[in-house]
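Quick note: the coordinates plus some simple rules give every number you see, no bench work behind them. Values in this document were obtained by computation on a predicted structure and should not be read as measured data. Ideal geometry is used to build each Cβ from the backbone, glycine not excepted, and the neighbour counts take in all protein chains shown.
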């Protein structure tokens, strides 16, 4: 499957990935409306970790053996057998936060307004996740896992 | 003689552990016949959701742990609403209530737990319930139809607080009677217990600690009309919920020769002392990575993981159980709390690092440089990183204060811990792409 890889050496901690993630997961898909009009404001599904001089942007790693899926009390979290993407069924998530307790990356967000979790879905339906597309420094790369091939979508 | 059928895999118990095993088996063995048996008549549902059922009558479809087509898709025969009456290890067979006999090659005991019923005068009266299965929740729901206004919950543990919250949402006035000096005393530290108690009180719940129920009384034939505590305090109520704890459901195994301590003892492969027989979940006493020995840790995620490991081993793929430990995530009355490991320190060989604000509190319990326990309140989003350090037995002595800092995250850990987690393929590393070339020497004035 394709994964988002982090090149922390060139991350400048600008948080643009966060902004574009929010827009991509907003109702309007419009930057101004998403931030000014939508209530509750869409939650970014990633976080920018800063411990100067290091910074990097991290989100769900779609683990091959996902502890969150195994710990989920309701079955809302599932791994898609075909794509390997870890998804959450928002109808079935009750926001018990058990997945948060077992995520080794600390990347599952609490959407307290909706009473459920929010996590990276690799921007389902888009060619490339918005955080990758909009990273000004190419600190995020969307590439096929395993082979280590640096092939970005659109260049193939 | 009854008709004998034979399956490759027989799973007794249709909850987290049983489903975990089915999914693991089907990852490696698509064909071997699987039969799953449960005394409950429902497809696998999420047991923790029974409080949502009681609070807001959540429909069964929204409580199912897996999709409606799960059994068919996985070629599993589900025998639901049938109890296993007898287990014959030497014959590798079980007999069901209806006399049916099923022989197996590999057996998984995922029979779960049963609520402990104390010897209290009047415990058999109408209006006394347990709160462990969907049927329990349904029975309480039906009973609430009789204009029930007041309830007493015996036991201030997880189940007691869950049922209390559901009842409060249904407009019932609840009194909790807890034997120990504080509620949630096994899974929370003193301070966090007090915080939950405060929230309960704000929601109108009366909490009586250090007390037990001496009798359940009635002046209406046999229907509950109140209780009396051991201190002689009478509390009028129409409903009593017994929630003093759960014990492993080992009846079936008793006398079979399979080793039982408090639960069925399993090794790191979830195998019992008897060949071809495995156990997981609330009924099993499996490895606890904090204690480094077998313990009962009856929580849903451990049941699923234990079942998964058992399933792989049953299917012939040797897989070791990494172990579980006590772990809980609560969100009673809107406060998010996660706790795991040892939170009440048994002696002074432990050290606590903590940080507290108005609405958030983080505590990490350490022993010999290793994380032994944790309680996070409010700001819990990064708690999984600490849980992971605890599970992987990482020495955190050099950065222990960072674990409870407000801006704690992966980047707060030493680089040698987070770097390998990112797993960047070498071809994507920047160092290869941005090698610095010697600048060209510029000759001026030639």
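I want to verify the translational diffusion coefficient of segment B:263-311 in µm²/s; compute it with Stokes-Einstein, Rh as the Kirkwood radius over Cα pairs, at 10 °C and 1.306 mPa s. Reported coefficient: 153 µm²/s. Taking each DSSP H run with n ≥ 4 as -39500 (n - 2.57) and averaging over every residue of chain B yields -6000 deg cm²/dmol at 222 nm.
Using a cutoff of 8 angstrom between alpha carbon atoms and counting only pairs six or more residues apart, the relative contact order for segment B:128-244 works out to 33 percent. Its relative contact order, with pairs defined as Cα atoms under 8 Å and 6+ residues apart, puts chain B at 14 percent. Here the Debye sum runs over all C-alpha atoms of the protein assembly as shown as equal scatterers in vacuum, and log10 of I(q)/I(0) at q = 0.12 Å⁻¹ comes out as -1.31. Rounded to the nearest 500, the 222 nm mean residue ellipticity of chain A from helices alone is -4000 deg cm²/dmol, with -39,500 (n - 2.57) taken per DSSP H run of at least 4 residues. Per residue, the convex hull spanned by the alpha carbons of chain B comes to 215 Å³. Which values of log₁₀ I(q)/I(0), to two decimal places, follow from the Debye formula for segment B:128-244 at q = 0.10, 0.18, 0.21 Å⁻¹ with a uniform point scatterer at every Cα? Scattering profile of segment B:128-244, log10 relative to I(0): -0.27, -0.88, -1.19. Would you mind calculating the relative contact order of segment B:21-178 from Cα pairs under 8 angstrom and at least 6 residues apart, reporting the percent as a whole number? It rounds to 23 percent for segment B:21-178. Peptides B:100-108, B:213-221 ranked from most to least packed, by the mean per-residue count of other Cβ atoms within 10 Å: B:100-108, B:213-221. A viscosity of 1.306 mPa s and a temperature of 10 °C, combined with the Kirkwood radius over Cα pairs in Stokes-Einstein, give a translational diffusion coefficient for segment B:167-307 of 88 µm²/s. Here, P(r) means the percent of Cα pairs in each 5 Å bin from 0 to the largest distance; for chain A it is 1, 9, 17, 21, 21, 17, 10, 3, 0. Taken as Cα centroids, segment B:113-153 and segment B:305-343 sit 28 Å apart, rounded to the nearest whole angstrom. Ranked by the mean number of other Cβ atoms within 10 Å of their residues, highest first, the peptides B:83-95, A:32-44 come out as B:83-95, A:32-44.
Seen against the Cα atoms of chain B and their longest principal axis, helix B:190-202 is set at about 60 degrees. If you wrap the tightest convex hull around every Cα atom of segment B:336-426 and split its volume per residue, you get 95 Å³.
Between helix B:134-144 and chain B, what is the angle of the helix's C-alpha long axis to the longest principal axis, kept within 0 to 90° and rounded to the nearest 10? Roughly 60 degrees, rounded to the nearest 10. Which log10 I(q)/I(0) values, to two decimals, does segment A:62-119 give at q = 0.20, 0.22 Å⁻¹ under the Debye formula with one point per Cα? So the normalised log intensities are -0.65, -0.79.
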